[in-house]
């Protein structure tokens, strides 16, 4: 773990979750930090999203308070008061102004936050703040809900003679649909950045990582992706080629982190990687990759280890974009199944075995000779997904 | 059964399906009939759709040949030749020109038609033509694939002193997504209509019936809805208020028929009726109803008898349209769960039991005070759906 300079954090349990697992995470910047955020495009937004949106980008963030187990979404005016109170209580502990506090919530919808528990959680977390790797892991655990596993990524790299660190945590396994930021993600870095550059970088990186994943395509009310920079790596603010280099490192890290979500998708048995090339534009490529990723017929076929290219090609055909049907070509795990709009001979057993034996299924689809390309990651649709989501309580 | 005057039909088995069930249906008009068609908006279209599209609307159709078990889709130039050959063989038997023949295919994608079987089927069907109710039922059976039950509807009504008959058959249980005509539907009538009026009526009716249903939202390559009129009810061609009256009867019949499809949706345990009102426009209402209907989280909740209004409201929130989130209201089976953007108290047990005990779940969602409304029907997402579609072979 390469911990960025200038942050302390903690993850604790305060019994919002009946399971007793960690459910409150507090991150504190030692001094005022640059902040940037990308948020859900759902028009029904949770109270914490409204507050956070108004406070990023900025240059004076000092804390992020996150609870899991309750999304504080569709909770009306009570929800707005509770979100403000979470910032207030955090601010009192840290000794900052409430508007220097960002926040996220995730979990069940439509139930008011159990505020006495949440306040106790903030108090506990404040007492346990630290900057060790274990503190970071605890913080990463505090944001999980139906996730089977912790989702983290970090890197350290040099820009000229400076060493820069990025560490990030994410959560998400269901209600994952691609529309700007998806789920919760907190990125910490010490790279010196202006708020404007941080915001622009974050938006571009979201479009290559968290906006390109899905589990069932249902965009949540709480999706939030935050970046905090302490700017403590030293030296002047990044410019020009340094920004490009930083963005490239951040994109690699975020793609790694984003892929962990459908890999851990509720009930998932396969990660499906959909590579679209040859589209008329990037937005056309995105429309096609999202449509294929949203097809239950494609997702159940992969679950059944069935190289059912007909379902994939027909899904591409109803994407809302232009398509040169005479030039469609398709491979699954490198095995060519369809070329120039025509089916070709292939060994079904070999293709099926390849899907069954690999945890990732790679679908490559060429849709013409244009410059547009996009890669999307999703999970397969399994009996376990349906069981889980029909038994999950309101 | 009210059989329209002027048609004979048959449904036979020629072993395209391994099950031995009926797989070829032939319908012959005694004299030249008015025809109209509405087709899939998928850009990947099967060969029969290409042929049919070029031949409707028209006033000289004499036959419709339909096979099930093989969709003749993604079959390249061979598929085009086979579709033309089906018309040719039918025309030779009936004694008409091949371009007076319409056709549909449904079933697996990407496998060439077994043409010797299909030709034998056409021959057999021609020998068994008749105009009894049993002939109609046999014809309706010949177009089914994964359907558990036959889908038919008919009516007889008076326009002034004339009696008019409509009889229709449909098929579909999977790969059902709303985009113009969905699945196969053949409508027969004896109402005197011009081809232009028939086409306009059919397009409007499709937008209130077959375009408002889904199973998993995957638009197929073969969707076709055909109307044939023998015009033999007598009297002059319908005009003005008579056309409106005919369209109203046809719409009622098609909504009945369309609802049979998600009711029989693969693995379905509930028909879900989604009534959106108060939207800014009809197209906004359609966007919202389709988005809710496409949400696996909504569909698994209904399967689990869970009155999970949070999933429904959040799905409405990511529909691509405007939404007045402070005026959203929601009821399930008449039980109010959400009002003016705020959750309200309700008995979860009562709501859950109501879903469990009724084969249809009615979701009413008000999204503002606009004039736009739309009703959409879909099926729930069950363990059986996933099992079925992961085991269905390429």
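Check every one of the helices (runs of 4 or more DSSP H) wholly within the range A:283-394 and list those with 1 or more residues that are facing chain B (nearest Cβ under 7 Å) and either free of Cβ contacts under 8 Å to residues at least 40 places away in the same chain or crowded, with 24+ Cβ neighbours inside 10 Å (or both).
Result: A:296-303, A:309-317, A:383-391.
Which members of the range B:16-29 meet the condition of being at pLDDT below 95 and surrounded by fewer than 17 Cβ atoms within 10 Å (Cβ to Cβ)?
Hits for the range B:16-29 are B:18, B:19, B:20.
Here are A:51, A:102: which of them is in a strand (DSSP E or B) and in the same structural domain as residue A:190 (by TED's automatic domain parsing)?
A:102
Would you be able to tell me the number of residues in the range B:207-250 that are within 21 Å of residue B:299 (Cβ to Cβ) and at pLDDT 90 or above?
0
Determine, yes or no, whether residue B:44 is surrounded by 19 or more Cβ atoms within 10 Å (Cβ to Cβ), touching a strand residue (DSSP E or B) at 6+ places or on another chain (Cβ under 6 Å) and either under 25 Å from residue B:149 (Cα atoms) or touching a residue at least 40 places away in the same chain (Cβ under 8 Å) (or both).
In short, no.
Of the residues that make up the range A:222-238, is at least one under 17 Å from the mean Cα position of the chain (by Cα), within 14 Å of chain B (Cβ to nearest Cβ) and surrounded by 24 or more Cβ atoms within 10 Å (Cβ to Cβ)?
yes
Quick check on the range B:57-69. Is at least one of its residues assigned by TED's automatic domain parsing to the domain that holds residue B:195 and in a loop (DSSP other than H, G, I, E, B)?
Within the range B:57-69, one or more residues are assigned by TED's automatic domain parsing to the domain that holds residue B:195 and in a loop (DSSP other than H, G, I, E, B).
Looking at the range B:1-29, which of its residues are under 23 Å from residue B:246 (Cβ atoms), in contact with a helix residue (DSSP H, G or I) (Cβ under 6 Å, 6 or more places away or on another chain) and either without any contact (Cβ under 8 Å) to a residue 40 or more places away in the chain or in a strand (DSSP E or B) (or both)?
Once the filter is applied, which keeps residues that are under 23 Å from residue B:246 (Cβ atoms), in contact with a helix residue (DSSP H, G or I) (Cβ under 6 Å, 6 or more places away or on another chain) and either without any contact (Cβ under 8 Å) to a residue 40 or more places away in the chain or in a strand (DSSP E or B) (or both), the range B:1-29 yields only B:9.
Does residue A:204 satisfy being farther than 17 Å from residue A:289 by Cα and either modelled with pLDDT of 90 or more or surrounded by fewer than 24 Cβ atoms within 10 Å (Cβ to Cβ) (or both)?
Yes; evaluated as a whole, the condition is true for this residue.
The values are calculated or read from the model by the stated rules, or taken from the named source; none is laboratory data. Keep in mind that what you see is a predicted model, and the values were worked out from it rather than measured. Reconstructed Cβ throughout: ideal geometry from the backbone, glycine too, with neighbour counts over all protein chains shown.
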